[in-house]
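Worksheet: one structure, shown below.
The values are calculated or read from the model by the stated rules, or taken from the named source; none is laboratory data. Remember, predicted model here, so these are calculated numbers, not experimental data. Note that each Cβ is placed from the backbone with ideal geometry, even for glycine, and that neighbours are counted across all protein chains shown. We work out accessible area using only protein heavy atoms, side chains counted, and drop any ligands, DNA or RNA first. Shrake-Rupley method; radii C 1.70, N 1.55, O 1.52, S 1.80 Å.
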Amino acid sequence: MKMSVLFSQTLREAPTDAEMPSHKLLVRAGFIRQLAAGIYTAMPLAKRSLTKIEDIMRAEINAIGGQEMSMPVVHPAEVWQETERWYQIGSEMGRFKDKNQRDMVLAMTHEEVVADLTRKEIHSYRQLPVLIYHIQTKWRDDPRPRAGLIRVREFTMKDSYSLDADWEGLDKQYRAHYQAYFDIFHRCGISAIAVKSDVGMMGGKLAHEYMYLTPYGEDTLMLCDACGYSANRQVATFKKAALPEEEPLPTEKVLTPDCKTIAELAAFLNIPAAKTAKAVFMIADIPEGESSVQKFVFAIVRGDMDLNETKLVNALKASELRPATEEEIVAIGAVPGYASPIGLPEKNTYLPVITIVDELIAQSQNLVAGANDAGYHMLNTNLERDYRADLVTDLTSAREGDGCPECGAPFREVRGVEVGNIFKLGTRYSDSLGCTFQNKDGKEKPVIMGSYGIGSGRLLASVAEEHNDEYGLIWPITVAPYQVHLVMLPSKKDDLAMEAAAQLYEDLLAAGVEVLFDDRDDSPGVKFNDADLIGMPIRITVGARGLKEGMVEIKRRNEKEKRMIPLGDALKTVQAEIDALFAEIQATIVKVPYEE
RNA sequence: CGGGGUGUGGCGCAGUUGGUAGCGCGCUGCGUUUGGGACGCAGAGGUCCGCGGUUCGAGUCCGCGCACCCCGACCA
C-alpha cells in the first residue's frame with residue numbers, strides 16, 4: 001500500500017477525550033475514528049490488524065475442531081423470551097420493533113440462536129459433539145462506554161459454542177478452549193491470565209475470564225502468588241479472620257449521636273470496626289417466571305468488610321440490584337444511619353424485606369448494630385438470638401492482603417482487561433429451548449452447551465496498550481497491518497531514491513511481503529515520525545545518502561539500532577527479519593496448566 | 001442512574017466589561033528545501049452544540065435540552 005493513497009491520516013495531537021495510551025495512539029496513528037459513544041469505525045490500517053487477529057482466532061478454533069458459520073445480528077424476541085433473558089436483561093439489550101410491530105433484539109451474544117439451531121438440527125447422539133463458531137457483530141448498550149476500543153457498545157466477537165452429549169464432552173471442549181485462548185493471546189503478542197469469574201448474564205456452572213493485566217483495566221483481580229489461585233474480585237473467596245469467640249452478653253441500647261458511619265461509630269465507642277455490623281440496603285428485582293418481584297434487601301456484613309454486590313445478586317438470584325433511597329429505608333420502618341434488623345416492624349406497607357447475612361456475622365458475637373432509633377446503637381447483638389436471617393452466605397469482597405482460600409497466603413490485587421471468557425453453560429439454554437437428542441438407549445437427553453468469546457477490537461486495543469512507546473505503536477509481526485514500512489526520502493536533484501524505493505517495493509510485494517510504502521513528497525522528519533507512530537515492526541529507509549554507497553537502512557521498530565545493508569540484499573534481509581520476528585512470537589506459545 | 005467536566009474551522013486551543021471571531025498544527029496553490037514533524041508568499045475553511053429568552057447588539061448573560069469525556073453504579 002502506498003501512503004500517498006492510504007485512506008488515513010496521522011494526527012500530531014490526540015483528541016482530548018482519549019486517555020488511555022492505546023486509545024490516543026490508535027486515533028493519532030489513523031487506525032480508528034469515533035462515530036458516537038462506544039461506536040467506532042475501523043480504518044484500513046485497523047481493519048488489516050483485525051483481520052489478522054480474526055485469522056489467528058480462526059486458525060486456533062479450527063484446530064480444535066471448530067466449524068465457522070455466520071449467525072444473524074437481528075433476532076426475533078421470541079427466542080430471547082423463551083430463555084427469559086428478554087425479561088432478565090435490562091436496558092443493555094437493544095430492542096426495536098420491525099414494520100409489523102414484532103419485537104426484535106440486536107444480538108448481544110448468540111446462545112439463543114445456537115440453541116434454536118440445536119433443537120432443530122440435533123436429534124441424535126451420533127451428531128455430537130459439535131463445535132461451531134462465528135465472528136460477528138454484537139450490540140450491548142453499555143451504560144458507560146469508555147477507554148476507546150476497550151469498552152464499546154458495538155463490537156465484533158469471535159464466539160464459539162460447544163454441543164455435547166455428556167458432561168465429560170463439555171469438559172473436553174472447555175479445556176481445549178482454555179488452551180486455545182492462551183495460544184491466541186500469545187500469538188497476538190500479549191500475555192493473559194485465566195481467572196475464575198462470575199457467570200453473569202450467561203448463566204451456567206463455571207466460567208473463566210482471560211485477563212490482560214494493565215493498570216488501566218477496569219476489573220480487579222485477586223491473585224495468590226503462593227499457590228496460583230486467581231479470581232475476579234466479583235467472585236473471589238478468602239479466609240475470613242474470625243474474632244475470638246465470646247459469651248453472648250445482654251443487649252444494651254446506647255446513645256451514639258452523629259454516628260452515621262461505621263468509622264464514626266467505632267471511633268465514638270472506641271472499638272474496632274470489626275466489632276460492628278454494617279447494614280446495607282438494596283432494592284432487588286427477583287424474577288419469578290415472566291414477571292419479577294421487588295424486595296427490600298437488608299444485607300449485613302461485618303463493619304470492617306465491604307459488601308460484594310455480585311455475590312449478593314447471585315445469592316438472591318436477582319436480575320437488578322440498586323441501592324435503596326433514604327425514603328425507601330424509612331418506608332420499611334427503618335432509620336437511615338441507625339438501621340438494623342433489630343426492632344424492625346414485622347410488616348410494612350412498602351416492600352417485602354429479606355435479610356441476608358454474611359457468614360462471618362454468624363461466627364461473631366456481641367456486635368454493635370443500629371437500634372432503629374435515631375442517635376442510638378445496640379451493643380452486643382447476636383444473630384439468631386436478636387434477629388434472624390433469611391439467608392447466611394458469603395457476601396463480602398476480598399481485598400489486597402486478605403488470605404487466599406486455598407493456602408492462606410495474602411492476596412495481591414491487580415487490575416486487568418477482560419479479553420476473553422469461557423463458560424460451561426450446561427443445560428441452561430437446552431432446557432429452556434428444548435434442545436434434546438436421543439442417546440444410545442433411545443432416551444431423550446438435554447444437549448450440554450458451552451460458550452466461548454473473544455472480542456477482536458478489545459484484543460487489538462490490548463495489543464496496542466502492551467506495545468507502544470513515547471513515539472507510537474510497536475506492532476507484533478503477527479498483528480501489524482503491514483510487516484514492513486518502506487520509507488522513501490525524496491530528493492529534488494534526482495529521482496534515484498524514488499526509483500530504487502519503487503523497485504524495492506515491487507520486489508517485496510512480488511515476494512509476498514506486506515509493505516506500507518511511504519512514497520509521499522514529505523520531509524524525512526515527517527516520514528520517520530509517521531513510521532514510528534504507525535508502528536510497523538520493520539522499517540527500511542531508502543535515501544540518496546545511503547544509495548550513494550548502494551546501501552539502504554533497516555531498523556526494527558522495537559530496537560534502537562539501525563543497520564545499513566546493500567540494496568541488493570534488502571529483500572532477503574527483510575525476509576530473514578520477518579522470520580525472526582515470527583519465531584520470537586512462536587517461542588511465547590506455551591502449554592498452560594488447566595486450573596479449575 | 002448519581003457526581004464532575006467539556007462543547008468555537010479537520011485536530012489542539014484563545015476569545016477581556018456583551019460590540020459581530022482569532023492562534024498553532026493540518027489543508028490548497030506557487031517557490032525554496034529534503035536523513036528525525038523545514039521555510040517564504042498567497043489562499044480556502046466557522047449555523048461559535050441546539051432551542052428559547054434578556055439586550056440596540058450574545059461565542060460571552062439567563063433558562064431548557066442534546067452530545068461527548070471522567071469518577072461511581074453497572075458491565076464483556
Completion exercise
With A:Thr41 itself left out, Lys, Arg at +1 and Asp, Glu at -1 over residues whose Cβ is under 13 Å from its Cβ give +1
Problem - Where the stretch A:434-514 is the region considered: accessible area per residue in Å², 1.4 Å probe - result: 41 Å²
Problem - For A:Pro129, net neighbour charge (Lys/Arg +1, Asp/Glu -1) across residues whose Cβ lies under 15 Å away - result: +1
Problem - Across A:Lys138/A:Lys158; A:Lys120/A:Lys317; A:Lys138/A:Lys591; A:Lys52/A:Lys196, pairs whose alpha-carbon gap is larger than 19 Å - result: A:Lys120/A:Lys317; A:Lys138/A:Lys591; A:Lys52/A:Lys196
Exercise for the section: Principal axes first, then extents: for the Cα atoms of chain A, list largest minus smallest coordinate on each axis, whole Å, largest first. Expected result: 98, 66, 51
Practice task
Could you tell me what percent of the accessible area of chain A is made up of carbon and sulfur, with a 1.4 Å probe and every protein chain present?
Solution key: 50 percent
Exercise for the section: Could you work out, for the stretch A:384-522, what percent of all Cα-Cα pairs fall into each 5 Å distance bin, beginning at 0 Å and stopping at the bin that holds the largest distance? Expected result: 2, 7, 8, 8, 8, 9, 10, 8, 8, 7, 7, 6, 5, 3, 2, 1, 1, 1, 0, 0
Handout entry: Total formal charge among the other residues, if their Cβ is under 9 angstrom from that of A:Ala501, Lys/Arg +1 and Asp/Glu -1
Key = -3
Exercise for the section: Based on a Kirkwood Rh over C-alpha pairs, give the Stokes-Einstein translational diffusion coefficient of the stretch A:233-304 at 10 °C and viscosity 1.306 mPa s in µm²/s. Expected result: 102 µm²/s
Practice task
Could you let me know the centre-to-centre spacing of the stretch A:265-306 and the stretch A:222-257, using Cα atoms, in angstrom?
Solution key: 14 Å
Handout entry: Whole-number D in µm²/s for the stretch A:141-207 (Stokes-Einstein; Kirkwood sum over Cα pairs; 4 °C, 1.567 mPa s)
Key = 89 µm²/s
Practice task
Would you please report the Å³ per residue occupied by the convex hull of the alpha carbon atoms in the stretch A:252-393?
Solution key: 100 Å³
Problem - More than 16 Å apart - percent of Cα-Cα pairs taken over the stretch A:482-586 - result: 53 percent
Fill in the blank from the handout: Projected onto their principal axes, the Cα atoms of the stretch A:91-236 stretch, largest extent first, over whole-Å spans of 56, 42, 29
Problem - For the stretch A:63-78, Karplus couplings with θ = phi - 60° (6.51, -1.76, 1.60), whole Hz, Gly/Pro x - result: 5, 9, x, x, 10, 7, 8, 9, 10, x, 8, 9, 10, x, 4, 3
Fill in the blank from the handout: Compactness summary of the stretch A:172-249: radius of gyration and Dmax from Cα atoms, Å, are 16.9, 62
Fill in the blank from the handout: For the stretch A:482-586, the dipole about the Cα centre with charges only on Cβ (Lys and Arg +1, Asp and Glu -1), to the nearest 20 debye, works out at 380 debye
Fill in the blank from the handout: Expressed to two decimals, the stretch A:4-102 has a Cα Rg over Rh, using the Kirkwood radius, of 1.10
Problem - Extension reserve of the A:Glu326-A:Asp494 stretch, reckoned as 0.36 nm per residue once the Cα distance is removed - result: 52.5 nm
Completion exercise
Computed for the stretch A:330-441: size of charge dipole around the Cα centre, +1 on C-beta of each Lys and Arg, -1 on C-beta of each Asp and Glu, debye to nearest 20, value 240 debye
Fill in the blank from the handout: The aspartates and glutamates whose Cα lies under 12 Å from the Cα of A:Lys527, excluding any fewer than 8 residues away in the same chain, are A:Asp518, A:Asp519
Fill in the blank from the handout: Inter-part gap, Cα centre of the stretch A:110-144 to Cα centre of the stretch A:518-585, in whole angstrom, is 46 Å
Completion exercise
By the rule of no other cysteine beta carbon under 4.7 Å, the lone cysteines of chain A are A:Cys188, A:Cys259, A:Cys435
Handout entry: Estimated 222 nm signal from helices in chain A, with DSSP H stretches of n ≥ 4 weighted -39500 (n - 2.57), rounded to 500
Key = -8000 deg cm²/dmol
